[in-house]
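Trainee: The structure's right below; bear with me while I get my questions together.
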Amino acid sequence: MNDSALKQDNNKKTWSGRFNEPVSALVERYTASISFDQRLAEYDIQGSLAHAQMLAEQHIISHQDLLDIQRGLQQIQEEIRNHQFTWSQQLEDVHLNIEKRLTALVGDAGKRLHTGRSRNDQVATDIRLFLRAAIDEIITLIKAMQQALLNLAEQHIHTVMPGFTHLQVAQPVSFGHHLMAYFEMLKRDVERLADCRKRVNQLPLGAAALAGTSYPIKRERVAQLLNFEGVCQNSLDAVSDRDFAIEFSACAALIMTHLSRMSEEFILWMNPAFGFIQLADRFCTGSSIMPQKKNPDVPELVRGKTGRVNGHLVALLTLMKAQPLAYNKDNQEDKEPLFDTVDTLADTLWIYADMLGGVRVNHDQMRQAALRGYATATDLADYLVKKGIPFRDAHEIVAQAVQYAEQKGCDLSALELSELQTFSARIETDIFAVLTLEGSMQSRNHTGGTAPEQVQAAIEQARKWLV
Ligand code: ARG
């Protein structure tokens, strides 16, 4: 083929020079990624602009070529934003769609853009740019949710609820303290994402197909233009590994797992047998058959969608596990799980921040539940220890007292002093302050404990961390 023949053949695939027959319609559909990777278009253009600028600075392409490429890419960006861009499955993916349009708009300069570059380092760059932005958005959303948690916790520093182990009443805790447990989980989630971001934020471009390129490129300049913290140090690794995406998915799965646990609690607490909270109506639905129902659909779906995000993590791990170096087409399958993870997580965090603002607490139900389960039994044991009885003996004495109260059908604090004294002569009138729910809570007055003073301090610390 001579030069003019090359120019005429616009419908041919970019890479089809050495092929004798076109792919079948099914293979074309099967191998195309344009239906989902068009979402990377903005990042693809950013990457191309930086690459072209470096090529011009290094005199690999002319200044005029750079101007043409910039003009063409700007027009393409506008067409995409205005939904005027025609995506073609025949052109396979976002990279080839944009390149083809660029060439149609600016001619040979468009064909020079791919100098010293491959779709392999190009797509790795696009995903990293996408994920970097996604991480920033998700961190902002987690912090909004943490703010909502703090606001709710602050109203409930003194609200008593039964703390559970094995879902059995264990010891009284402040509801504010319980909520702040989730603040801590989310704080670690933010820290994990911030750490993951450092490894996402490295530039693959320059690795080309796998081995690097023979042009005098300057990768550090491209990294600087795209705000990457550094460049990937091995070309084979740069185009082939997706560990940064897997790491992000693992962070996402943990966040969803935390939200799923909270959802599970909300669902239980909304059950009238608990009756601890009500969610605002806009987060619940009714039943088409049972008129009395108010179902906690949103927390249930959060719990359900956690399965889907966990699934994406497993999908990405499995995608990677048997790939020889370097790039393989398998990697095209990384995008849909990643996109869905980001979307599911972002929606969930938005909705949670809003939902927390509408939580109404039934103080009385919480209190009654704490009173029903001998939540202050440990306090009685601790009291006896302070009076000189070894802890194991105290444990035994209290077990007998609980059994007695259970038979009588009342709380420990409802027993007469004379009744309590049948279990230990060391028990005196000061025991009644110890056996109250508030007394029990107040006594756990150290860093991380449930005493209201400590919860207040934890909230203040949290506010400082958030700004
Ligand atoms: N659409 C491809 C992907 O998502 C782009 C890279 C294609 N590279 C190749 N050598 N076929 O991974």
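Derivation of every value follows stated rules applied to the coordinates shown; laboratory data play no part. Remember, predicted model here, so these are calculated numbers, not experimental data. Reconstructed Cβ throughout: ideal geometry from the backbone, glycine too, with neighbour counts over all protein chains shown.
Trainee: Give me the distance in nm between label points sitting 7 Å out from Cα along the Cα-to-Cβ direction at E137 and T86, one decimal.
Mentor: If labels sit at E137 and T86, their model points lie 2.9 nm apart.
Trainee: Additional query: If you consider only alpha-carbon coordinates, what radius of gyration and Dmax does the range 65-216 have, in Å?
Mentor: Looking at the range 65-216, its Cα Rg and Dmax stand at 25.1, 75 Å.
Trainee: Another one. Taking the 0 to 90 degree range and rounding to the nearest ten, how far is the long axis of helix 452-466 tilted relative to the main principal axis of the chain, both from C-alpha atoms?
Mentor: So the helix axis and the longest Cα principal axis differ by about 10 degrees.
Trainee: If you don't mind, another one. Based on other C-beta atoms within 10 Å, arrange E264, E247 from fewest to most.
Mentor: The order, fewest Cβ neighbours first, is E264, E247.
Trainee: In square nanometres and to one decimal, what's the mean projected area of the convex hull around the Cα atoms of the range 212-294?
Mentor: Quarter of the Cα hull surface area: 10.5 nm².
Trainee: For the chain, just the Cα atoms, rotate onto the principal axes and tell me the three extents in Å, largest first.
Mentor: 109, 52, 38
Trainee: At a threshold of 8 angstrom on Cα-Cα distance, excluding pairs fewer than six apart, so keeping six or more, what relative contact order does the chain reach in percent?
Mentor: 16 percent
Trainee: Among M54, M270, which comes first, then next, by fewest other beta-carbon atoms within 10 Å?
Mentor: M270, M54
Trainee: Sticking with this structure for a sec: Taking the alpha-carbon centroid of each part, what is the distance from the range 427-467 to the range 105-181 in angstrom?
Mentor: Using only Cα atoms to place each centre, the spacing works out to 30 Å.
Trainee: Determine, for each peptide in 374-380, 416-422, 450-456, the mean count of other beta carbons within 10 angstrom over its residues, then list the peptides with the highest first.
Mentor: Descending mean neighbour count gives 374-380, 450-456, 416-422.
Trainee: Find which of Y43, A207, G107 sits farthest along the positive direction of the dipole of the chain, computed with +1 on the beta-carbon of Lys and Arg, -1 on that of Asp and Glu, about the Cα centre.
Mentor: G107
Trainee: At a threshold of 8 angstrom on Cα-Cα distance, excluding pairs fewer than six apart, so keeping six or more, what relative contact order does the range 158-233 reach in percent?
Mentor: 21 percent
Trainee: Per 0.36 nm of contour for each residue apart, how much would the distance between E78 and H363 grow if the chain were fully extended, relative to their Cα-Cα spacing?
Mentor: 97.1 nm
Trainee: Taking each pair of distinct Cα atoms in the range 365-467 once, what is the resulting Kirkwood hydrodynamic radius in Å?
Mentor: About 14.9 Å, per the Kirkwood formula over Cα pairs.
Trainee: Would you mind ranking D44, D281 by Cβ crowding within 10 Å, fewest neighbours first?
Mentor: D281, D44
Trainee: Note down the nm distance, to one decimal, between modelled labels 7 Å out along Cα→Cβ at T257 and at Q456.
Mentor: So the two model labels end up 3.6 nm from each other.
Trainee: For the chain, what is the percent of antiparallel DSSP beta bridges, rounded to the nearest 5?
Mentor: Close to 80 percent.
Trainee: Between D430 and A346, what FRET efficiency comes out of the Förster formula 1/(1 + (r/R0)^6) with R0 = 51 Å and r the beta carbon distance, rounded to 0.05?
Mentor: Plugging the Cβ-Cβ distance into 1/(1 + (r/R0)^6) gives 0.40.
Trainee: Please give the FRET efficiency for Q403 paired with A273, using the beta carbon to beta carbon distance and R0 = 30 Å, rounded to the nearest 0.05.
Mentor: Between Q403 and A273 the formula returns 0.75.
Trainee: Collect residues whose amide H, placed 1.01 Å from N in the peptide plane, falls under 5 Å from the amide H of T285; neighbours closer than 5 in sequence don't count.
Mentor: Those qualifying (amide H under 5 Å, at least 5 residues apart or on another chain) are N295, D297.
Trainee: To continue, here is another question. Given 0.36 nm per residue, what is the gain on full extension from N20 to E419 after removing their alpha carbon distance, in nm?
Mentor: 133.9 nm
Trainee: Now, a different point. Considering the Cα trace of the range 158-200, what is its radius of gyration and what is Dmax, both in angstroms?
Mentor: 15.3, 44
Trainee: Under a Cβ-only charge scheme (Lys and Arg +1, Asp and Glu -1), can you give me the dipole magnitude of the range 216-329 about the Cα centre, in debye to the nearest 20?
Mentor: Once rounded to the nearest 20, the dipole reads 280 debye.
Trainee: Separate question: With r as the distance between the Cβ atoms of H166 and Y215 and R0 = 56 Å, compute the FRET efficiency 1/(1 + (r/R0)^6) and round to 0.05.
Mentor: 0.30
Trainee: Let me ask you something else. Round to the nearest 10 and give me the degree value, 0 to 90, for the angle of helix 363-372's Cα axis relative to the longest principal axis of the chain.
Mentor: The angle comes out near 60 degrees.
Trainee: Is there a quick way to get the dipole size of the chain? I mean about its Cα centre, with the Cβ of Lys and Arg at +1 and of Asp and Glu at -1; what is the value in debye to the nearest 20?
Mentor: With only Lys, Arg, Asp and Glu charged at Cβ, the dipole is about 660 debye.
Trainee: For the range 128-219, just the Cα atoms, rotate onto the principal axes and tell me the three extents in Å, largest first.
Mentor: 70, 27, 13
Trainee: Once the convex hull of the C-alpha atoms of the range 274-363 is built, how many Å³ does it hold per residue, rounded to a whole number?
Mentor: Here the figure is 140 Å³ per residue.
Trainee: So, one more: How compact is the range 252-294 by the rule of thumb for globular proteins, expressed as Cα Rg over 2.2 N^0.38 Å?
Mentor: The range 252-294 yields a ratio of 1.37.
Trainee: If you don't mind, another one. Can you give the calculated 222 nm mean residue ellipticity of the chain, where each DSSP H run of n ≥ 4 adds -39,500 (n - 2.57) and the sum is split over every residue, rounded to the nearest 500 deg cm²/dmol?
Mentor: -20000 deg cm²/dmol
Trainee: Something else about it: Using only the C-alpha atoms of the range 197-352, find the volume of their convex hull and express it per residue in Å³.
Mentor: 141 Å³
Trainee: What do the square roots of 5 times the Cα gyration tensor eigenvalues come to for the range 101-161, in whole Å, largest first, as semi-axes of the equivalent ellipsoid?
Mentor: 51, 12, 6
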